[in-house]
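Single-structure report; data block below.
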Amino acid sequence: MSNKIKIVILISVLVSLVLLGFWFSYFKNKINDLPDIIAAGRITVVTDSTSLGFSVVGDNVSGFQYEIVKAFADSLGVELVIVEESDLKASIEGLKNNDYQLIADFIPVTSEWKNEILFTMPLLSSHQILVQRYVNDSTKDILIKKQFQLANDTVFIPIHSPNKIILKHLSDQIADSISIIEMNLSVEQIVRQVATKKVKYTICGELFAQRLKLKYPNIDISLPIGFAQHQAWAVNNKSTLLLEKLNEFLGDFIGSSAYWKIYRKYY
């Protein structure tokens, strides 16, 4: 093979690599807004692996978030692709990197995230609740009944949980330290550990706590932590058309007979 042919082949390979790099960069940085979703025929949604997020038992697929977001995907006429992730920080990074187009989870609407993501209209508003264990009426006297009693104690939460901010604010309010230990477990898994005496305390949303109380009757969920917060879904901060469509859908869907059918199923 002549040197001229080798040079031509080398140049062709280099040009191909450069074009491939441009192609990858374009699609990696492309914002998956509503027109892209419609064109692709699918929407990729991340949620947590709980009975309120996304759960698969045998051939049965269920979950409060799943059923609502499935109704949204159906309204668009696109396929729903679900990714399970209990780490909110990882979900937000995936959203920013265009791995997902939507986080369908109860995310507290706080200023911490407002510069990074766009929140939908609130799906609900609720308190976070302290989850602690009791065996019978005789142990109720030693339960924590006031927030300041958490001083110098330890609360276990999922890794990167937004509840870490709530606990830090509470620590400032009571002017004493609260130790926070993050675990690589879901909220439901940590509540199970409270119920089985493996850890003392955790916190979770009020409605979810009520549901878990049915499953773990030996937990106490009587003490709210902090103020009631709006809970919402989130999209990439450049997906403005998707946000508009989502808010339009949620505005019509929440409060409808279809919504209340799903709500009563899980709550």
- Query: Label-point separation (nm) for I165 and E79, each offset 7 Å from Cα along Cα-to-Cβ?
  - Reply: 3.6 nm
- Relative packing of 121-134, 216-229, which averages over residues the other C-beta atoms within 10 Å, highest first: 121-134, 216-229
- Message: Could you check the spin-label model distance between K261 and K200? Points 7 Å from the Cα along Cα→Cβ, value in nm.
- Response: 4.7 nm
- Message: Please list 3J(HN,Hα) in residue order for the stretch 68-84, calculated via the Karplus relation 6.51 cos²θ - 1.76 cosθ + 1.60 where θ = phi - 60°; whole Hz, with x for glycine and proline.
- Response: 6, 6, 5, 5, 5, 4, 5, 5, 8, x, 10, 6, 9, 10, 9, 10, 8
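Residue separation times 0.36 nm, minus the C-alpha to C-alpha distance between S49 and K145: what's the value?
31.5 nm is the gain from fully extending S49 to K145.
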- Task: State the antiparallel share, in %, of DSSP beta bridges confined to the stretch 125-229, rounding to the nearest 5.
- Result: 65 percent
- Item | Amide H partners (placed H, <5 Å) of G205, local residues excluded | I129
- Around T120, which amide H atoms from residues at least 5 apart in sequence, or from another chain, sit under 5 Å from its own amide H, with H modelled in the peptide plane? W233, A234, V235
- For labels at I174 and S125 in the simple 7 Å Cα→Cβ model, what's the distance in nm? 2.6 nm
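With only alpha-carbon atoms in the gyration tensor, what are the semi-axes of the equivalent ellipsoid for the stretch 125-229, in Å, largest first?
19, 16, 14
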- If the limit is 22 Å between Cα atoms, which of K89/K245; K114/K238; K197/K265; K215/K265; K145/K213 go over it? K89/K245; K197/K265
- Query: Separation of the stretch 190-263 and the stretch 64-135 by C-alpha centroid, Å?
  - Reply: 10 Å
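Rule-based calculations on the coordinates, nothing more; no lab input. This structure is a prediction, so every number in the text was calculated from the model and none was measured. We place every Cβ from the backbone using ideal geometry, glycine too, and count neighbours over all the protein chains shown.
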